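Q: I'd like to ask some things about the structure below.
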Amino acid sequence: MGINKQSDIAANLQIGPTTDGMVRIYVEADGFELPLDFDPEEAEEIAEELRAAADAARRIGDSAAGKAKGKTGKPRG
């Protein structure tokens, strides 16, 4: 499955610190559990990647909304 492919799978996501000083991203879906542990520096890198992806998604959404507003069915000129 690629990053741009939609899925019907629903999952729960939890993020928090562990007692070992790690940051855990915990994913649970359909009885499947996936704990992912990262040291704090790795977690900060992931957070930066999430922010960058959110910014890019926002620009894509704004661009799509702008294009939709420009379509009135009337010829330009």
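Q: At a threshold of 8 angstrom on Cα-Cα distance, excluding pairs fewer than six apart, so keeping six or more, what relative contact order does the chain reach in percent?
A: 17
Q: Moving on. Taking a probe of 1.4 Å, how large is the accessible area per residue of the chain, in Å²?
A: 90
Q: While we're on this one: Under 25 °C and 0.890 mPa s, how fast does the chain diffuse according to Stokes-Einstein, given a Kirkwood radius computed over C-alpha pairs? Answer in µm²/s, whole number.
A: 153
Q: Okay, next question. Which value in nm describes the separation of the simple spin-label points at E45 and A11, placed 7 Å from the Cα toward the beta carbon?
A: 2.0
Q: Follow-up question, since we're still on this one. For an R0 of 30 angstrom, estimate the FRET efficiency from the Cβ-Cβ distance between D30 and K69 and round to the nearest 0.05.
A: The computed FRET efficiency comes out at 0.15.
Q: Using only the Cα atoms of segment 9-52, build the gyration tensor, take square roots of its eigenvalues as a ≥ b ≥ c, and label the shape rounded, prolate or oblate: rounded if a/c is under 1.5, else prolate if a/b is larger than b/c, else oblate.
A: Verdict is oblate for segment 9-52.
Q: Using a 1.4 Å probe on the protein chains only, how many percent of the accessible area of the chain belongs to carbon and sulfur?
A: 54
The values are calculated or read from the model by the stated rules, or taken from the named source; none is laboratory data. Keep in mind that this is a model prediction, so the values were computed, not measured. Ideal geometry is used to build each Cβ from the backbone, glycine not excepted, and the neighbour counts take in all protein chains shown. With ligands, DNA and RNA removed, areas are computed over all heavy atoms of the protein, side chains included. Shrake-Rupley method; radii C 1.70, N 1.55, O 1.52, S 1.80 Å.
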